[in-house]
1. So is Leu85 surrounded by 13 or more Cβ atoms within 10 Å (Cβ to Cβ) and either in a helix (DSSP H, G or I) or modelled with pLDDT under 95 (or both) or not?
2. Do you know which residues across segment 12-41 are at pLDDT below 95 and either open to solvent by 90 Å² or more (accessible area, probe 1.4 Å) or aliphatic (A, V, I, L, M) (or both)?
3. Sort through Ala150, Ala142, Ala146, Ala155 and tell me the only one that's part of a loop (DSSP other than H, G, I, E, B), among the aliphatic types (A, V, I, L, M) and open to solvent by 30 Å² or more (accessible area, probe 1.4 Å).
4. Any idea which of Arg56, Arg68 is surrounded by 13 or more Cβ atoms within 10 Å (Cβ to Cβ) and assigned to a helix (DSSP H, G or I)?
Amino acid sequence: MAEATCTEGCCGALYVTIRRDGDQVIWGPWRNPDEDEVGLPEFRFDAQQYQAEVERATLDRSWEWPARTVARLLEEQLRQCTAWLERWECELGSVSAWLWEPSQINLFLFHPGRDAIKDGRPWLQFQMTLDVSGDDPAAQVAELVAELTAFDPRAAADVCGGSKEFARQLGYPWPPGRRP
């Protein structure tokens with residue numbers, strides 16, 4: 001259901017198993033890796049009503065603010081054109097917009113990719129902060145895609161994850177003040 005923007009291991013997460021049982025959708029049991037008990041009951045929903053609500057909610061974008069719309073559309077576009085990232089040995093992590101930063105979005109990349117994490121090889125996470133406006137989100141996305149795909153994204157991004165040793169091995173400076 002939820003994970004901190006950093007990672008589960010840093011600030012926690014909340015998990016639930018969602019399953020169908022006949023004409024019902026059941027949420028439960030709940031789990032938090034940092035707690036023995038979550039204290040939430042099992043929730044049951046009519047399966048047809050649940051499906052209709054999921055479909056309605058999926059299409060509803062009324063809650064988005066301009067930066068969130070730009071982030072969503074940009075992530076969709078960048079996931080379709082991966083060649084530019086592969087050229088630089090990068091993988092898109094996510095594109096986020098946070099309520100407390102309404103005029104910017106954050107793009108996260110992994111170098112050389114998430115597989116390096118699983119394989120125990122050196123890896124880094126990069127963050128790029130991009131300004132957005134209240135202008136047409138689709139036009140902003142077109143401009144951002146053109147700008148981003150024209151160069152090595154690591155050159156304009158800051159190291160924000162990995163380790164000091166991994167940064168050294170991959171030839172990048174570790175940010176001052178960041179814990180190794």
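The values are calculated or read from the model by the stated rules, or taken from the named source; none is laboratory data. Small disclaimer: the values here were computed from a predicted structure and weren't measured. Cβ coordinates were reconstructed from backbone atoms using ideal geometry, including for glycine residues, and neighbour counts include every protein chain displayed. With ligands, DNA and RNA removed, areas are computed over all heavy atoms of the protein, side chains included. Shrake-Rupley method; radii C 1.70, N 1.55, O 1.52, S 1.80 Å.
1. Spelling it out, Leu85 is indeed surrounded by 13 or more Cβ atoms within 10 Å (Cβ to Cβ) and either in a helix (DSSP H, G or I) or modelled with pLDDT under 95 (or both).
2. Of everything in segment 12-41, those that are at pLDDT below 95 and either open to solvent by 90 Å² or more (accessible area, probe 1.4 Å) or aliphatic (A, V, I, L, M) (or both) turn out to be Ala13, Leu14, Val16, Pro29, Arg31, Asp34, Glu35, Asp36, Glu37, Val38, Leu40.
3. Every option except Ala150 fails the conditions.
4. The unique qualifying residue is Arg68.
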